[in-house]
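Everything on this sheet refers to the single structure shown next.
Only the coordinates and a few stated rules stand behind these numbers; no lab work does. Keep in mind the model is a prediction, meaning the values are calculated, not measured. Please note: Cβ atoms are built from the backbone with ideal geometry, for glycine as well, and neighbour counts cover all protein chains shown.
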Amino acid sequence: LVLIGLFISLWLFQVPSPITPVSSVLPGPTSFTLQEAQLQDVLKNNEQSYADWFQLGQLYLRWADQLQKQDDFNAARDKRQAAIDAFTKTLSIRQDHSMAKTSLGDAYFFLGDFDAAISQYVQVIDQNPDYPLAHFNLGFVLFDQRDYNGASQHFNAYLNREPNGQYSEAARVRLDEIKRIQRNDS
């Protein structure tokens with residue numbers, strides 16, 4: 001009763017709570033582990049929840065990025081493979097999930113399987129030609145593969161859909177770089 005009174009008075013007088021939220025206390029790896037366990041628990045009760053499989057895949061991609069920044073490349077590779085498994089499960093439940101296919105392509109790309117990445121992005125574009133991120137990512141992979149004409153096509157497709165989008169500046173930089181490369185090759 002005393003605690004309830006304390007929290008009510010803190011709330012009434014807009015005093016910050018003395019209890020620190022759990023998420024700000026937990027370090028990154030512990031937080032990833034906790035989030036993974038929570039999502040896996042949810043999926044035990046509902047294996048057909050494509051949204052939770054997708055979230056698990058996203059978690060694995062973020063975790064892999066952090067591990068890579070820490071130079072733990074083997075663990076990062078394992079998390080990307082786990083992401084592939086989660087996105088594959090997502091797509092087995094909901095085949096038209098553009099974000100899952102695009103994220104699956106991202107995981108393949110970072111594992112060095114460029115053909116599989118390209119295949120995923122092309123599938124997204126075939127299903128949903130106006131999905132901008134698939135165009136940007138495909139442009140990025142094609143640029144990396146030195147297919148400058150294909151990369152230009154998809155960077156421009158991205159910019160047509162998202163002229164002020166999150167990756168618009170990066171697309172413009174790549175297009176300028178492609179122009180320089182093509183001028184030098186002439």
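Per-structure values
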read-out	value
Stretchable slack from Phe114 to Gln166, in nm (0.36 nm times residue separation minus alpha-carbon distance)	16.4 nm
Segment Asp130-Ala37, length gained on full extension (0.36 nm per residue, minus Cα span)	30.0 nm
Proximal aspartates and glutamates to Lys69, defined as alpha-carbon separation beneath 16 angstrom and excluding residues fewer than eight positions away on the same chain	Asp78
Those aspartates and glutamates that a straight Cα-Cα span of less than 14 Å connects to Lys89, excepting residues fewer than 8 apart in one chain	Glu47, Asp52
Per-residue ³J(HN,Hα) for region 169-182, Karplus 6.51 cos²θ - 1.76 cosθ + 1.60, θ = phi - 60°, Hz, x for Gly and Pro	5, 5, 5, 5, 4, 5, 4, 4, 5, 4, 4, 4, 4, 5
Around Ser119: net Lys/Arg minus Asp/Glu count, Cβ-Cβ under 14 Å	-3
Nonlocal amide H pairs with Asn128, under 5 Å, H built at 1.01 Å	none
Radius 11 Å from Cβ of Gln48, net charge of other residues (Lys, Arg +1; Asp, Glu -1)	0
Integer Hz, Karplus 6.51/-1.76/1.60 couplings in order for region 108-123, x for Gly and Pro	4, 4, 5, 8, x, 9, 5, 4, 5, 4, 4, 4, 5, 5, 5, 4
Estimated vicinal HN-Hα couplings, Hz - region 34-48 in sequence order (Karplus 6.51, -1.76, 1.60; Gly, Pro = x)	5, 4, 4, 4, 5, 5, 5, 4, 4, 5, 4, 8, 8, 5, 8
About the Cα centre, charge dipole magnitude for region 60-186 (Lys/Arg +1, Asp/Glu -1 at Cβ), debye	140 debye
